[in-house]
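Handing you a structure now.
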Amino acid sequence: MRYALECVHCGRVFEDDSLVRCPECGGLLEVTLRYDEIDVDRSTFESRGLGVWTFRELLPVDEEPVTMSEGGTGLHPCDRLAEEVGVSSLQVKNEGENPTGSFKDRGMTVGVTKARELGAEVVACASTGNTSASLAAYAARAGIRCVVLLPAGKVALGKLAQALFHGAEVIPVDGNFDDALSVVKRLADEGLVYILNSVNPFRLSGQRTIAYEICLQRGWDVPDAVVVPVGNAGNISAIWQGFLDLYELGLIEDLPRMYGVQAEGAKPVVEAIRSGAEDIEPDPEPETVATAIRIGDPVNAVKALRAIRCSGGWAVAVSDEEILAAQRELATTEGIFVEPASAASIAGLRKFVDMGEIGGDEDVVCVTTGHGLKDPEIVMKTCELPEPVPPDPEVIAERIKGA
Ligand code: AN7
């Protein structure tokens, strides 16, 4: 086997793909690649089109994938914003360009392929929205029954529409994401459902391709810093592991520093980084306009703390006002429309630069995790729709000249 599952807590190693948590201590499992058994070099990947399955030798499945061409997202130079923020280079890895509009598709193509391989009859997740939209789509494609638990009234409209329309059984829960996730974990332990939250190690393997792609797109030149919004903390952990994989395989010569950004109203990871604590203190009442990261008890927190600390990075919290201002700035200065949670990475970058954590001469990649169309309601609150006028060229010409 070119991979195994390793417990993040007790370190035991397993070769049993049906596991989603350590059978010995209950801890999180992570896919560890056996680098000696993987025969790849830079040209293996350079000769293929860009996407998740470009890196199939590094993914823990051998079956035909359940796929919709996920990954292969743009890495957009943002020179005007770089100047504005005060860094010498800024690129945005825009994950909103995935099939269902978020980075979750990278994980689901791998996770749902594994679910099908295992013969799962029901796949399930708790979600702040994007995970449910992605799982609903991939489950539909695989022909597997899908159940999603959502915090009632707290999921952005576009995401809810996706989950419903792809035919998932949507169960709104009177509670927050953390409450919903603890229910799904329990049902998964009882064998009723196959869980596709970020406790699933196969899903997070797919998300490592964000790092793989960044390196390939930059000709294997590693950025100084990578800035990622943090909710359940799976993505920042997966991206860091992706860089480590390429480093261990000898495909890159450096590692980036990893920077996490949370919302002011949901910032347990930021507090732990600041205090030096080994684990987070859960926040029982997370609240933020960026509903995707409205999470108080991130399950992957320990891995994220390790990623941030081992890489020499840091974490900050940003206010809802800072998030919405960054969202607008990215849209108006660079043409990139992202959802509020994604804009947290831009708002956070500004803070890291102001704090001196990221230097003015550095080369930065911000990961924007979801498309702006996911949450049209939030942007329409701050946009004014002008009154209609007659279709009269003179009236409209006057309007244009007057502006
Ligand atoms: C746009 O959909 O947790 O730190 O249930 O949708 O890996 O959790 C979404 C998370 C960032 C945080 N940006 O990533 C869910 C869910 C967007 C997101 C995150 C999410 P993690």
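The values are calculated or read from the model by the stated rules, or taken from the named source; none is laboratory data. Keep in mind that what you see is a predicted model, and the values were worked out from it rather than measured. Please note: Cβ atoms are built from the backbone with ideal geometry, for glycine as well, and neighbour counts cover all protein chains shown. In case anyone asks, the SASA skips ligands and DNA or RNA and just uses the protein heavy atoms, side chains included. Shrake-Rupley method; radii C 1.70, N 1.55, O 1.52, S 1.80 Å.
For Cα pairs less than 8 Å apart in space and 6+ apart in sequence, what is the mean separation divided by the residue count of the chain, i.e. the relative contact order in percent?
Values: 848 pairs, mean separation 67.7, N = 403.
Computed value for the chain: 17 percent relative contact order.
Give me the lysines in straight-line cross-link reach of K374: C-alpha distance below 23 Å, same-chain residues under 8 apart excluded.
K93, K104, K154, K159, K267
Okay, next question. State the antiparallel share, in %, of DSSP beta bridges confined to the chain, rounding to the nearest 5. Walk me through the numbers before you get to the answer.
Working: 13 of 44 bridges.
Among the beta bridges of the chain, antiparallel pairing accounts for roughly 30 percent.
Out of segment 1-43, which trypsin sites (Lys or Arg not before Pro) are coil in DSSP terms and have no more than 13 other C-beta atoms within 10 Å? Don't skip to the answer; put the middle values down first.
Details: sites: R2, R12, R21, R34, R42; in loops: R2, R12, R21, R34.
For trypsin sites (Lys or Arg not before Pro) across segment 1-43 that sit outside H, G, I, E and B with at most 13 neighbouring Cβ atoms in 10 Å, the list reads R34.
Also, quick follow-up: Classify segment 103-201 as rounded, prolate or oblate from the Cα gyration tensor: take a ≥ b ≥ c as the square roots of its eigenvalues, call it rounded if a/c is under 1.5, otherwise prolate when a/b beats b/c and oblate if not. Can you show the working numbers first?
Working: a/c = 1.69, a/b = 1.21, b/c = 1.39.
Because a/c hits 1.5 or more and a/b fails to exceed b/c, segment 103-201 counts as oblate.
For the chain, find the longest principal axis of its Cα atoms and tell me its angle to the long axis of helix 234-248, 0 to 90°, nearest 10.
Roughly 60 degrees between the two axes.
In whole Å, what is the distance between the alpha-carbon centres of segment 316-382 and segment 70-115?
Centre-to-centre distance over Cα atoms comes out at 13 Å.
Right, next: For the chain, what does the helix formula give at 222 nm: sum of -39500 (n - 2.57) over DSSP H segments with n ≥ 4, over the residue count, nearest 500 deg cm²/dmol?
-11500 deg cm²/dmol
In addition: Of G101, V338, L192, which is farthest on the positive side of the dipole of the chain, counting Cα position, with +1 on Lys and Arg Cβ, -1 on Asp and Glu Cβ, and the Cα centre as origin?
L192
Then there's this: Output wanted: per-residue J couplings in Hz (rounded whole) for segment 164-176, from phi through Karplus 6.51 cos²θ - 1.76 cosθ + 1.60, θ = phi - 60°, x for Gly and Pro.
Result, rounded to whole Hz: 5, 6, 7, x, 6, 7, 8, 10, x, 10, 6, x, 9.
On to the next question. Compute the distance from the alpha-carbon center of segment 27-58 to that of segment 128-148, in whole Å.
Spelled out, the Cα-based centre of one part sits 25 Å from the other.
Next question, about the same structure. Between beta-carbons, use under 11 Å as the cut-off and find the net charge around D178, counting Lys and Arg +1, Asp and Glu -1. Please report the intermediate quantities before stating the final value.
Values: positive: K185, R294; negative: D179, D283, E285, D297.
So the environment of D178 carries a net charge of -2.
Tell me the accessible surface of C22 in square angstrom (1.4 angstrom probe, heavy atoms of protein chains only), to the nearest ten.
Taking all protein chains as shown, C22 has close to 0 Å².
Leaving ligands, DNA and RNA out of it, report the carbon-plus-sulfur percent of the accessible area of the chain at a 1.4 Å probe. Write down the numbers at each step before the final one.
Working: 7990 of 16420 Å².
The computed percentage sits at 49.
Count the net charge of all other residues whose Cβ sits under 13 Å from the Cβ of D79, scoring Lys and Arg as +1 and Asp and Glu as -1.
Result for the neighbourhood of D79: -3.
Under a point-charge model restricted to the Cβ atoms of Lys and Arg (+1) and Asp and Glu (-1), what is the dipole moment magnitude of the chain relative to its Cα centre, in debye to the nearest 20?
Using only the charged Cβ atoms, the result is roughly 580 debye.
Among I210, I171, V302, which residue has its Cα furthest toward the positive end of the charge dipole of the chain, with +1 on Lys/Arg Cβ and -1 on Asp/Glu Cβ?
Highest projection toward the positive end goes to I171.
Under a GNM of the chain (C-alpha, springs under 10 Å), which listed residue has the highest mean-square fluctuation: D179, D279, D36?
Of D179, D279, D36, the Gaussian network model singles out D36 as fluctuating most.
Now a separate question. Quick one: which residues, 5+ away or cross-chain, put their amide H under 5 Å from the amide H of V122? H built at 1.01 Å from N.
For V122, the qualifying residues are Y194.
Among P23, P391, P286, which one shows the highest mean-square fluctuation when the chain is modelled as a Gaussian network with alpha-carbon springs under 10 Å?
For the chain, modelled as a Gaussian network with Cα springs under 10 Å, the answer is P391.
Largest first, how would S134, S275 line up by accessible area (1.4 Å probe)?
Working: S134 0, S275 85 Å².
Of S134, S275, the descending order of accessible area is S275, S134.
Gaussian network model of the chain, Cα springs within a sub-10 Å range: biggest mean-square fluctuation belongs to which of P388, P77, P151?
Taking springs between Cα atoms under 10 Å, the residue moving most is P388.
Using θ = phi - 60° and the Karplus curve 6.51 cos²θ - 1.76 cosθ + 1.60, what whole-Hz ³J(HN,Hα) does each residue of segment 140-156 get, with Gly and Pro shown as x?
4, 5, 8, x, 10, 5, 10, 10, 10, 9, 10, x, 4, x, 10, 10, 4
Now for a separate question. If amide H atoms are built 1.01 Å from N in the plane of the peptide, which residues on other chains or at least 5 residues away come under 5 Å of the amide H of R257?
It is A225, V226, by chain and number.
If you add up the charges near G250, with Lys and Arg at +1 and Asp and Glu at -1, over every other residue whose beta carbon is less than 10 angstrom from its beta carbon, what do you get?
-2
Using a 1.4 angstrom probe and counting only protein chains, how large is the accessible area of F14 in Å², to 10?
In the full protein context, F14 sits at about 30 Å².
Principal axis lengths of the chain from Cα atoms, whole Å, largest first?
Result for the chain: principal-axis Cα extents of 73, 47, 45 Å.
Using modelled amide H (1.01 Å from N, peptide plane; none on Pro or chain starts), what sits under 5 Å from the amide H of H76, excluding residues fewer than 5 places away?
It is V92, K93, N94, by chain and number.
Karplus couplings for segment 354-371 from phi (6.51 cos²θ - 1.76 cosθ + 1.60, θ = phi - 60°), rounded to Hz, Gly and Pro as x?
Whole-Hz 3J(HN,Hα) from phi for segment 354-371: 4, 6, x, 5, 10, x, x, 9, 9, 10, 10, 10, 9, 9, 9, 8, x, 6.
To continue, here is another question. Ranked from the most accessible area to the least, with a 1.4 Å probe and all protein chains present, what is the order of K93, K104, K185?
Final ranking, largest accessible area leading: K185, K104, K93.
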